[in-house]
Amino acid sequence: MSNLEQFIPPRDATAVVVVDIQEMFFPAMETDRKDSFLDNTKLLLQFANTMGLPVLVTEQYPKGLGKTIPPVVEDLPSGTEPIEKLFFSSWRADGFAERFRELGATCAIVVGLESHVCVLQTVIDMLAEEIVVHVPRDAVISRTHENRETGLELMDRAGALISSTETIIFQMLERAGTEEFKVMSKLLK
């Protein structure tokens, strides 16, 4: 993949990774960003469903932090089973790397919380495996603005492609007039 090709996630080799958007954890996130974060995460999941992209979901210590929140679950592809973890990095969770590799994915779109902890460590581990990683800045969140920005800055320095939900969607759609475009254009606000 050339340096410029990495800016367009390939349809046949991209997976969406949803990191730890859980019942006991989500309410603690930055209040003024929660609604837009959730809207953008759901939009990316609807896009994944429209495009047939696989989705992997993790849950950090679900016994203490709860399960994935219902608004996210309702947009997950049928049969998606969360991967439980204790490591902050999803990549290090039992079975995660194996599931990702089985998909044949070379690219990941990573969303979730917290930007400066679990998302950051997941992204760094994926980059170390030479996976191209896209992080939509409007679909990651932390408890504070400063921590969210710190996570984004560090992911950028590490080599992740920081963009936005709409940028990723339109990069992958590539053109208007397709069935996928028609579906997504109705969902974009």
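The values are calculated or read from the model by the stated rules, or taken from the named source; none is laboratory data. Treat the numbers as computed from the prediction; the structure is a model and nothing was measured. So basically every Cβ, Gly included, is an ideal-geometry build from the backbone, and we count neighbours across all protein chains shown.
Below, the figures for the structure above:
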read-out: Residue in region 1-19 that is of a type outside the set (S, T, N, Q), part of a helix (DSSP H, G or I), at pLDDT 95 or above and under 17 Å from Arg143 (Cα atoms) present; value: no
read-out: Boolean, Val57 is touching a Gly at 6+ places or on another chain (Cβ under 7 Å) and either charged (D, E, K, R) or within 25 Å of Gly104 (Cβ to Cβ) (or both); value: no
read-out: Qualifying residues in region 159-184 (those that are within 13 Å of Ile8 (Cα to Cα) and among the charged types (D, E, K, R)) - the one surrounded by the fewest Cβ atoms within 10 Å (Cβ to Cβ); value: Arg175
read-out: Residue satisfying all of: in region 123-158; surrounded by 14 or more Cβ atoms within 10 Å (Cβ to Cβ) and small (Gly, Ala, Ser); nearest to Asp35 (Cα to Cα) among these; value: Ala139
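To keep it simple, each residue is scored yes or no on (1) in contact with a helix residue (DSSP H, G or I) (Cβ under 6 Å, 6 or more places away or on another chain); (2) acidic (Asp, Glu); (3) farther than 21 Å from Val132 by Cβ.
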position: Thr14; (1), (2), (3): no, no, no
position: Lys34; (1), (2), (3): no, no, yes
position: Leu44; (1), (2), (3): yes, no, no
position: Ala48; (1), (2), (3): no, no, no
position: Tyr61; (1), (2), (3): no, no, yes
position: Pro70; (1), (2), (3): no, no, yes
position: Glu81; (1), (2), (3): no, yes, yes
position: Asp94; (1), (2), (3): no, yes, yes
position: Phe100; (1), (2), (3): no, no, no
